[in-house]
Each structure stands twice: as C-alpha cells, then as structure tokens.
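Below is one structure, written out as structure tokens, with a few remarks after it.
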Amino acid sequence: MRIAVVGGGPGGLFLALLVRRAAPAVEVTVFERNRADDTFGFGVVFSDRTLAGIHEADPVLRRALTEHGRHWDEIEVRIKGERIRCGGNGMAAVVRRTLLSLLQARAHEVGADLRFATEVTLDDLTGYDLVVAADGTGSTIREQVGVDLGTEVDTATAKFIWFGTDHLFDGLTFVHERSPDGVFAVHGYPISGPGDGPVSTFIVETDEATWRRAGLDGFDASQPPGTSDQVTKDYLEQLFADQIDGRRLLVNNSRWGSFRTRRTRRWHTTVPRPVAFLGDAVHTAHFSVGSGTKMAMEDAVALARAITATPDDLPAALEAYERAAQPSVRRIQDSARPSLAWWEHFGRYHDEFEPWQFAYHFLSRSITDSRLARRDPAFVAASHRGWVAAHGAEPLDTPFARGGWSAPGRLVDLQAVDGVPTAVAGGLPLAAGPAPGPWGALVAAPETEDGLAEVFARLTDLGERSPVLVAVHGGTPLTRTLVCERARLHDRLPALLVDTGDGEGLRDRALTTVLSGRADLVGAPA
C-alpha cells in the first residue's frame with residue numbers, strides 16, 4: 001500500500017510514524033508545502049487528563065513535554081488588580097517547532113519519506129492508494145475533492161490574535177485589561193523548556209466593537225502569510241506592559257481573525273478516490289479548551305489502527321476510523337461551545353462581576369461546582385465565602401424577594417402543563433404577559449443561537465412591564481443560559497433558569513448556576 005499524507009503538522013507526522021512502525025511494508029510519504037523548520041504559531045498545550053491514548057501509541061509526545069516542555073497545575077485569573085488561582089488543572093506545553101522537529105526525526109527513523117517545500121494537489125497523487133488530508137482548516141485537498149462531506153462552519157463574533165512574549169508565565173494565565181476602547185483578554189502560558197530563553201504563548205481576544213474602536217481593523221488581511229500586524233502589536237504591548245513586566249510581544253504571522261468551528265459528518269470519501277481527513281481539515285474546537293493538536297494526534301492514532309487492522313479493505317478501514325475517532329471529537333466540540341460563548345461575552349462579565357465571581361464564572365463554564373471542588377476545594381470554598389459575604393447565606397439558601405413575591409431559597413419547584421412551566425410553587429404565575437398581582441414572564445429560549453436576537457428584543461420589551469422575574473425555558477442549556485444572562489446583566493430583570501435535566505445532579509447544577517451569576521434562581525418541576 002502507498003499512502004500520501006498532505007500536511008506535515010503534528011497530526012500528519014504522527015500518522016506517518018504510527019503506520020510505518022506498525023506496518024513497515026506500507027509506503028508513507030508526507031508532503032508539506034512549508035520548509036522543515038517553518039512553523040506558524042508559538043506553542044501547543046495539552047491537558048494531563050487527555051494524553052493517555054497518545055502516549056500509549058508512541059512516546060514521542062511524552063519525550064517532547066518531559067525534556068523540552070513546561071508543566072503546571074494551576075490556572076491563574078488576573079482581573080482588576082487581583083490574581084486568583086485554581087489548582088487541579090494539570091497541563092503541559094511545548095514550543096510547536098520543537099514538537100515538529102521531534103516528530104520529523106521519529107518519522108524519518110521509522111522510514112517515512114518526508115518532502116518539505118512541496119505543494120501537491122490530488123492530481124499529483126494518482127499513484128497512491130490513499131490520500132490523507134492533514135493540511136489544516138484551509139485544506140486544499142478538501143476543496144479539491146468536491147464531495148459533500150456534511151460540513152457546518154460557525155464563525156465566532158469575538159476577534160483573536162496570536163502572539164508570543166519573552167515574559168515567562170508560571171502556567172496557564174488569563175489576563176483581563178480594560179483600555180479606553182473596551183476589554184481585552186489574554187490566554188498566556190509558558191512554552192520554553194529548561195535552558196531555553198523565556199517564551200510564552202500570548203493569545204489576545206476582544207469583541208468586534210472594541211477592536212474597531214481601538215483602530216485595529218486597518219490591517220490588510222490580503223498580505224501574504226508571514227506578515228504580522230505591527231499596529232496591534234504596539235497597542236497590546238502598551239496595554240499589557242505591567243502584566244508582562246515591560247517585555248516584548250513576539251510576532252509570527254500575527255494577525256486578527258474570528259475563530260471558525262468546523263463540524264463534519266463524513267471524514268472520508270472513496271469517490272473519486274480514497275481520501276481520509278484528519279485534524280483541522282474536518283473539525284476544530286476553540287483554543288480555550290486546548291485540544292486542536294491533541295485531536296489531530298488522536299485522529300492519527302485511530303486512522304493508523306484502522307488502516308493496519310484491515311489493509312486489504314480500505315473502505316472498511318475508513319468507516320472504522322470514523323466510528324473510533326468521531327465520538328471523542330464531538331464531545332470536545334460540545335464542551336468547547338460554552339467556552340467559546342464565554343469569550344464572546346467576557347467584557348460584560350468583566351464589568352458586572354466581582355473578581356471572585358468572575359473567576360468562578362469562567363472556571364465553571366463547562367463543569368459544575370462539585371467537579372470544580374474536586375480539583376481545588378480551596379478555590380471553591382473561597383468562592384462560596386465571597387457569596388456569603390455579599391448575601392449572608394449559602395447560594396441556594398439565600399432568600400429572594402421582589403415585587404411582592406418571595407422565596408426562601410434559590411432552587412424552587414415549578415408547576416407545569418405538558419412540560420411548559422405555568423407557575424412557581426408559592427403562588428407566582430408564569431405567563432407570556434402581565435397577570436394580576438406579582439407575575440413572572442415566561443420566555444422560551446431559541447433552539448439555536450441564531451434566534452437569540454429576537455428573544456433579546458422581547459426581554460427589552462418586558463423590562464417595561466415590571467415582572468418579578470423572567471423564567472427561561474426550552475432551547476438548549478447554552479441558549480437558556482445566554483438568555484438568563486442577558487435578562488440579568490443587560491435588562492436588569494431577575495432570571496429563573498428552568499432546568500430540564502434529570503433529577504440527578506440538579507442541586508449541583510443549580511448551585512453552580514446561582515453562584516456563578518448566570519441566573520438568580522433555578523426551577524425544576526416538582
């Protein structure tokens with residue numbers, strides 16, 4: 001068998017070495033359009049909890065992280081002069097160029113043919129039994145195939161830009177600063193290994209309105225790859241000077257973009273010829289979950305196993321590859337969407353929340369209070385103390401009163417008809433419009449985020465009708481949360497989030513929701 005791998009990133013190289021190691025009779029050639037020592041970006045980061053499968057397949061990544069990388073356990077959130085830490089988040093990072101160099105050496109060692117500075121099309125690869133497209137989110141092979149793979153692409157509203165810095169962070173650090181133009185945030189983490197000069201990755205995000213007010217929208221994005229946005233570099237270097245001790249920002253194809261989440265139903269085709277896709281060519285997840293390189297390398301593990309298990313039946317192997325690799329990617333993408341949504345709205349959270357609640361809101365965006373407490377009980381205990389200091393009781397035991405109606409705590413029972421809430425136990429009717437006496441406005445969250453604008457307009461209208469609260473039901477967990485936050489933080493209407501999950505874990509979910517400030521109350525059918 002002859003396999004052509006298009007793309008010499010971590011996923012493509014890892015596939016080449018795994019196939020060659022497992023099946024030396026298989027010829028594997030990697031075609032990479034850049035030179036061997038070219039690389040865009042600065043570092044790659046991995047969570048300790050996610051690496052078992054990659055380490056089992058080959059020790060090259062473990063060696064890279066152990067001998068050349070940085071490891072840490074805590075996440076630090078910096079906001080309004082405070083630094084808040086949460087442990088139990090074991091991660092490691094390494095310089096991307098270093099990882100690529102080790103993967104190249106290992107692939108050479110097992111007999112893969114690596115051809116750099118070589119750009120190919122499908123027409124150039126007619127002599128190969130299988131083409132593997134590992135050529136990134138802008139995959140040329142994917143476009144040349146011309147087959148409907150069932151692709152969905154969502155573009156985020158937030159803007160991001162990727163720098164490095166010669167300031168060395170202790171670990172994964174999230175820095176938030178307000179400039180006269182708006183709020184900017186940094187994902188920073190160390191990547192240089194022992195004996196190297198200090199280097200950290202420095203990714204900056206902001207909302208589009210802030211980006212435009214700051215005058216950072218003037219860069220000519222049509223310039224060739226490699227050209228960086230110097231105006232933005234100077235602006236951010238000054239804004240974050242105190243956070244990086246006056247050190248420099250480092251550029252490497254540093255230019256603003258909007259993150260695009262790609263979901264693809266089919267990861268292979270046999271028409272007009274066998275082609276398999278891996279990594280960013282078929283799926284992406286926001287970098288705040290730190291999984292892009294990991295997912296590509298896990299794809300490589302699954303594809304290599306499938307090919308070497310049934311080398312004489314490529315269609316069966318490619319079907320097996322999808323069955324093995326897709327579930328994990330979908331879980332990561334599902335968890336990444338709430339994280340991405342957080343980054344699209346973080347400026348509002350920055351302005352509304354005290355530092356302790358901002359940090360808790362951020363760190364609980366994908367997990368509950370109990371899971372967070374298992375990672376760092378001291379962090380969670382401090383968050384509870386912050387609530388008690390402000391409200392006089394634990395979150396779910398804090399009374400609620402407004403407009404002549406009250407509840408003894410923040411987790412309440414609901415009455416419902418055919419699954420639609422009609423009242424809060426204790427005599428508060430829920431309706432679309434005003435009712436005699438105290439009443440709650442019932443608002444249906446949309447099934448997709450595309451419908452949020454219409455619901456937000458209704459919240460603005462409800463603000464003039466003085467409901468006791470807004471009860472948000474339907475939709476998805478994410479859209480319900482976004483509607484609740486809009487009601488609370490924009491329209492100043494107390495929000496009750498209707499929990500539609502099963503009874504197990506209800507109290508934990510409700511506690512997380514209230515303590516984080518996502519909603520004022522949580523309701524569930526009695």
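Out of the residues in region 464-479 that are farther than 25 Å from H361 by Cα and of a type outside the set (D, E), state the one that is surrounded by the fewest Cβ atoms within 10 Å (Cβ to Cβ). I'd like the intermediate steps shown before the answer.
Step one: of region 464-479, the residues farther than 25 Å from H361 by Cα are 464-467.
Now narrow it down to the ones that are of a type outside the set (D, E): 465-467.
Working: R465: 11, S466: 13, P467: 25.
This residue is R465.
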Residues L482, L493: which one is touching a strand residue (DSSP E or B) at 6+ places or on another chain (Cβ under 7 Å), over 18 Å from P421 (Cα atoms) and surrounded by 23 or more Cβ atoms within 10 Å (Cβ to Cβ)?
L493
Region 70-96 residues that are at positive phi, paired with ones that are among the basic types (K, R) and at pLDDT 95 or above (beta carbon under 9 Å, 6 or more apart):
K80/R178; G88/R374; G88/R375
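Given region 1-77, what strands (runs of 3 or more DSSP E) lie entirely inside it while holding 1 or more residues that are assigned by TED's automatic domain parsing to the domain that holds F287 and aromatic (F, W, Y)?
Values: elements: 2-6, 27-31, 43-47, 70-72.
Output list reads 27-31.
Looking at V120, is it surrounded by fewer than 20 Cβ atoms within 10 Å (Cβ to Cβ), over 25 Å from the mean Cα position of the chain (by Cα) and over 19 Å from N34 (Cα atoms)? Can you show your working first?
Working: surrounded by fewer than 20 Cβ atoms within 10 Å (Cβ to Cβ): yes; over 25 Å from the mean Cα position of the chain (by Cα): yes; over 19 Å from N34 (Cα atoms): no.
Answer is no for this residue.
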A441: of a type in the set (G, A, S), assigned by TED's automatic domain parsing to the domain that holds T481 and either assigned to a strand (DSSP E or B) or surrounded by 12 or more Cβ atoms within 10 Å (Cβ to Cβ) (or both), yes or no?
yes
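I need the full set of residues from region 215-248 which are under 22 Å from H167 (Cβ atoms) and assigned to a loop (DSSP other than H, G, I, E, B), in order please. Give the derivation first.
Within region 215-248, the subset under 22 Å from H167 (Cβ atoms) is 216, 228-248.
Selection gives L216, S228, D229, F240, D245, G246, R247, R248.
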Are there any pairs, at least 6 apart or on different chains, whose C-beta atoms fall under 6 Å, with the first in region 402-427 and in contact (Cβ under 8 Å) with a residue 24 or more places away in the chain and surrounded by 15 or more Cβ atoms within 10 Å (Cβ to Cβ) and the second among the β-branched types (V, I, T) and assigned to a loop (DSSP other than H, G, I, E, B), and if so, which?
R402/V468; G403/V468; W405/V468; R410/T398
Identify, from the list R348, R323, R330, the residue that is in contact with a helix residue (DSSP H, G or I) (Cβ under 8 Å, 6 or more places away or on another chain), surrounded by fewer than 23 Cβ atoms within 10 Å (Cβ to Cβ) and charged (D, E, K, R).
R348
Go through (1) touching a Leu at 6+ places or on another chain (Cβ under 8 Å); (2) surrounded by fewer than 20 Cβ atoms within 10 Å (Cβ to Cβ); (3) free of Cβ contacts under 8 Å to residues at least 24 places away in the same chain for A306 and report which single condition fails.
(2)
Among (1) in contact (Cβ under 8 Å) with a residue 60 or more places away in the chain; (2) outside any strand (DSSP E or B); (3) not assigned by TED's automatic domain parsing to the domain that holds T308 - the single one A117 does not satisfy:
(3)
Search region 426-437 for residues being of a type outside the set (G, A, S) and modelled with pLDDT under 95, and hand back the single one that is farthest from the chain's Cα centre (by Cα).
P436
Among the listed residues F174, F160, identify the single one that is under 19 Å from T261 (Cβ atoms), surrounded by 18 or more Cβ atoms within 10 Å (Cβ to Cβ) and not aliphatic (A, V, I, L, M).
F160
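For region 284-385, list the helices (runs of 4 or more DSSP H) that sit wholly inside it and hold at least 1 residues that are of a type in the set (D, E); which are they?
Working: elements: 292-309, 314-352, 355-363, 369-375.
Of the helices (runs of 4 or more DSSP H) lying wholly inside region 284-385, those with at least 1 residues that are of a type in the set (D, E) span 292-309, 314-352, 369-375.
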Looking for something more than 30 Å from F174 (Cβ to Cβ), assigned by TED's automatic domain parsing to the domain that holds V26, among the acidic types (D, E) and touching a strand residue (DSSP E or B) at 6+ places or on another chain (Cβ under 9 Å) - is there at least one such residue anywhere in region 308-318?
no
Looking at (1) within 21 Å of the chain's Cα centre (by Cα); (2) over 19 Å from D520 (Cα atoms); (3) not small (G, A, S), which is the only condition T476 fails?
(2)
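The values are calculated or read from the model by the stated rules, or taken from the named source; none is laboratory data. Just so it is clear, the model here is predicted, and its values are computed rather than measured. Reconstructed Cβ throughout: ideal geometry from the backbone, glycine too, with neighbour counts over all protein chains shown.
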